[in-house]
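Worksheet: one structure, shown below.
The values are calculated or read from the model by the stated rules, or taken from the named source; none is laboratory data. Note that the coordinates shown come from a computational prediction; the quantities given were computed from them, not determined experimentally. When we count neighbours, we look across all protein chains shown, and the Cβ atoms used for this are built from the backbone with ideal geometry, even at glycine. Surface areas here come from the heavy atoms of the whole protein model, side chains and all, with no ligands, DNA or RNA. Shrake-Rupley method; radii C 1.70, N 1.55, O 1.52, S 1.80 Å.
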Amino acid sequence: MPDDFFFADQRYSRILKHVRALRVRLPIESEMRRLADLAHVRESSLSDFSQNVCNIIIDAHLNVASMRGSSAPKVKEALSSVAKQAAKLAATLRKMDLKIAGGTGGSDQTAGTHLEWELAKLKEPLFPKYPELLDLLHAAATSARTLSVPKRGPKGAGGNQAFDVFIEQLNIAAYVRDGRWSVHRATDGTWKGSILEALQLLKPYLPARFFPPGELGRSVDHILGKLRKRKTP
């Protein structure tokens, strides 16, 4: 779970210069306290939880802005290109690495030695680290391609990737602080739960038309259900 915070903090720092242009509004202190109560987050974690929620709101605006006008096939094509190029470059670098190649010498390994000298001057990671990083990039790009493929689900259960990510982040924000959100369908057929109350409180601070069409409770329950299945061995 801590990796999710690392990702949020790093991404927030990287795009901070773009945040002001979005003119994002954030909840006031009393609203943050209400959110913490709804999530059953302890008082000692209020400040940390509030900052996390602010980052999640900013992320929602950034995700909507970045996805505007995107095409699923083109997204998949771009990620496929990254995966292919990462694998190709990793293979090339491994040929240039004297230790991995068995010390047979040759132009490739001479080039690798020269490259490692230059990296040392720049105080960058040692040469063998780069193929490993490229392997991770290849794996991430390959996995990310599946995010651009529309997922089947109950009618009115999402279809908005930015909203799905938003709910997942809210769930993590509560979970890592020993809190929890609730959502359930009442006997009269209506949807109830603390996370639905939280969403209504947060709605003025989120992008326009951010919530998916149809029953909001059904959408949230569907997303949280997928998270529960993901955690189950």
Task: Net +/- balance of residues flanking ALA78 in space, Cβ distance below 12 Å, scoring K and R +1, D and E -1 - done: +3
- [ ] Treat each spin label as a single point 7 Å out from the Cα along the C-beta direction, and report the LEU133 to SER182 distance in nm.
- [x] 4.8
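What part of the accessible area of segment 164-233, given as a whole %, is carbon or sulfur when the probe is 1.4 angstrom? Working shown, then result.
Numbers: 1950 of 3760 Å².
Roughly 52 percent of what the probe reaches on segment 164-233 is carbon or sulfur.
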Task: trypsin sites (Lys or Arg not before Pro) within segment 161-221, DSSP loop, no more than 16 other Cβ atoms inside 10 Å - done: ARG180, ARG209
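Of all the Cα-Cα pairs you can form in segment 103-144, what percent are over 13 Å apart? Walk me through the numbers before you get to the answer.
Numbers: 536 of 861 pairs.
The calculated P(r) of segment 103-144 puts 62 percent of pairs beyond 13 Å.
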- [ ] On the full set of protein chains, 1.4 Å probe, figure out the accessible area of ASP108 and give it in Å² to the nearest 10.
- [x] 90
Open item on the list: For the full complex of protein chains and a 1.4 angstrom probe, list TYR130, TYR175, TYR205 by accessible area with the highest value first.
Closed with: TYR175, TYR130, TYR205
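What is the extension gain from ARG33 to LYS123, computed as 0.36 nm multiplied by their sequence separation minus the C-alpha to C-alpha distance, in nm to one decimal?
Values: separation 90, 0.36 × 90 = 32.40 nm, distance 4.58 nm.
Residue separation times 0.36 nm, minus the Cα-Cα distance, leaves 27.8 nm.
Using a 10 Å cut-off on Cβ atoms, rank the peptides 45-53, 26-34 from the highest mean neighbour count down.
Values: 45-53: 18.6, 26-34: 13.8.
Ranking the peptides 45-53, 26-34 by packing returns 45-53, 26-34.
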